[in-house]
Amino acid sequence: MVKLNCIRQIAINVQDVPRAVAFYRDILGMHFLFELPSMGFFDCGEIRLMLSKTELPQSERTALIIYYKVDDIQQTYETLSQQGVEFVSAPSLVAPMPEHDLWMAFLHDPDKNLLALMSEVVRPPQENL
């Protein structure tokens, strides 16, 4: 049985990341985490807000992407695929972080809203050679 633990991240597509970061940080007073050339991240309690650069025209943009945290992304992907869910992308490593690897997979709901599964996979400690 699939269990989506919680919403961990919501993405908002923007055209100008620095302008959007300044708005959310300086005007709305959100807790700024970090910025990359095409993304900005904020802490919103238990949910992370990601501002993500898009080149798509307004008519083709998805306004929001909801990221659901799952314990085992591969098993969740397999289970949902067996239930007929069509994925936009299979689980893949998107970012090696200091303490874990961040994996994601993308799918559409029945109304073509984009959803994501994300899993923070802890790497085993490095053994001394």
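Listed values, structure above:
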| read-out | value |
| --- | --- |
| Number of positions in region 1-45 that are assigned to a helix (DSSP H, G or I), buried (at least 16 other Cβ atoms within 10 Å of the Cβ) and of a type in the set (A, V, I, L, M, F, W, C) | 3 |
| Index of the failed condition, R48 passing every other in (1) out of contact with any Asp or Glu (no Cβ under 9 Å at 6 or more places or on another chain); (2) modelled with pLDDT under 90; (3) surrounded by 15 or more Cβ atoms within 10 Å (Cβ to Cβ) | (2) |
| Within region 57-83, considering residues that are part of a helix (DSSP H, G or I), surrounded by fewer than 16 Cβ atoms within 10 Å (Cβ to Cβ) and in contact with a strand residue (DSSP E or B) (Cβ under 9 Å, 6 or more places away or on another chain), the one modelled with the highest pLDDT | Q74 |
| Residues that are small (G, A, S) and closer than 12 Å to S119 by Cα, drawn from region 82-108 | S92, A95, A105 |
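The values are calculated or read from the model by the stated rules, or taken from the named source; none is laboratory data. Computed from a predicted model, the values in this text were never measured in an experiment. Heads up, the Cβs are rebuilt from the backbone with ideal geometry, glycines too, and the neighbour counts pull from every protein chain shown.
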